[in-house]
Amino acid sequence: MWQKISLLLEMIKFKHTVFALPFALIGAFLAGKGVPSFSVFFWVLLAMVGARTSAMGFNRIADRRFDAANPRTATRALPAGEVTLVESWAMVLLAAALFLFACYRLNPTALLIAPVALALTLGYSLTKRFTWLCHVILGVALAFSPLGGWVAVAASLEGYPWVLSLGVLFWVAGFDCIYACLDADFDREAGLYSMPATFGRRNGFRVAVAFHVLAFCLFTLSGIQAGLNYWYYIGLGVTGCALFYQHLIVSPKDLSRIRQSFFSMNGLIALTLFFATWLSLATKH
């Protein structure tokens, strides 16, 4: 049983929850102007784990035939037969139930927006079939992370710094556009859409640069809007360096270090902005 659970967690890249969870906590910390109660922290954590697990599991189910045909993804657990379709669906449904229950335990407003957030995160998996804007749609889905964290504490959208969600949107859309370069040729042949598959890798990289510049500006505005102090801007400086570095080590002609760019740098960005926000709120007078 533990081996099967391990396979399922690896299938959905559970460790990459680090991309979205810190932003949910940023929203919660900003709403409460500091560390929220243990109860809120606990249910936010479970909600994020449930939402991402459900979304990634559904993504693997929806793309299983494409994954089986793509040499890069053919060894994933579902197309390789290491887990069954029934087991995958069970994980998706249980994780979705966990997400909805966690939102119910938080407050009525959180429960009210939960179905919209879940529909977006699940629906993203189907967008590559009909639009090259799939990266932006993924960004919109993850932009609900800080919004959800805020609502978990405030039980309202009043006062929410919307530029924070916009920053997350373009940050995610940018790095997803870069990562899609790995499958540009396959996607084109399979009739799937992405910016690199539709417009070429070079143009995909150009769009990603523009998105990340915009994201950095929006994260800066978030700090100004929230009245954060120098700790946040130190973290923002690290974020800017990480964004620059991930574009420095990969190019349309050399994708050999794309996993370092995608996973290491973006995990660093999410965690850095969270701790910078926390420190700023903790030292704010």
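Every number in this text was worked out from the coordinates using simple rules, so none of it is lab data. Bear in mind the structure is a predicted one, so any value in this text is a computation, not a measurement. Note that each Cβ is placed from the backbone with ideal geometry, even for glycine, and that neighbours are counted across all protein chains shown.
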Problem set entry | Rg [Å, one decimal], Dmax [Å, integer] - segment 11-157, C-alpha atoms | 15.9, 49
Seminar exercise, completed: So the number of lysine pairs in the chain with alpha-carbon atoms under 20 angstrom apart, 8 or more residues apart or on different chains, is 4
For this session: Treat every Asp and Glu Cβ in segment 2-283 as -1 and every Lys and Arg Cβ as +1, leave all other atoms uncharged, and give the resulting dipole magnitude about the Cα centre to the nearest 20 debye.
Result: 260
Exercise. Among Tyr124, Tyr160, what is the fewest-to-most ranking by other Cβ atoms within 10 Å?
Worked result: Tyr160, Tyr124
Exercise. Residue by residue through segment 104-111, which ³J(HN,Hα) values in whole Hz follow from phi under the Karplus form 6.51 cos²θ - 1.76 cosθ + 1.60 (θ = phi - 60°), with glycine and proline marked x?
Worked result: 4, 6, 7, 5, x, 5, 4, 5
Seminar exercise, completed: For the chain the mean separation of alpha carbon contacts under 8 Å (6+ apart) over residue count, i.e. relative contact order in percent, is 21
Exercise. Expressed as a rounded percentage, what relative contact order does segment 96-160 have, with Cα pairs under 8 Å and six or more residues apart?
Worked result: 34
Problem set entry | Fully extended contour minus Cα-Cα distance, from Phe130 to Val209, at 0.36 nm per residue | 26.1 nm
For this session: Enter the Cα centre distance for the pair segment 73-100 and segment 227-266, rounded to the nearest angstrom.
Result: 31
Exercise. What residue among Ala184, Ala90, Ala102 shows peak mean-square fluctuation when the chain is described by a Gaussian network model with Cα springs under 10 Å?
Worked result: Ala90
Exercise. In what order do Val44, Val213 fall by count of nearby beta-carbon atoms within 10 Å, going from fewest to most?
Worked result: Val213, Val44
Exercise. When a footprinting reagent is the concern and you count Cβ atoms within 10 Å, what order do Asp185, Asp176, Asp67 take, fewest first?
Worked result: Asp185, Asp67, Asp176
For this session: Averaging over all projection directions, find the projected area of the Cα convex hull of segment 2-283 and quote it in nm² with one decimal place.
Result: 13.8
Exercise. Once amide H atoms are placed 1.01 Å from N in the peptide plane, what residues at a sequence separation of 5 or more from Arg129, or on another chain, have their amide H within under 5 Å of its amide H?
Worked result: Tyr193
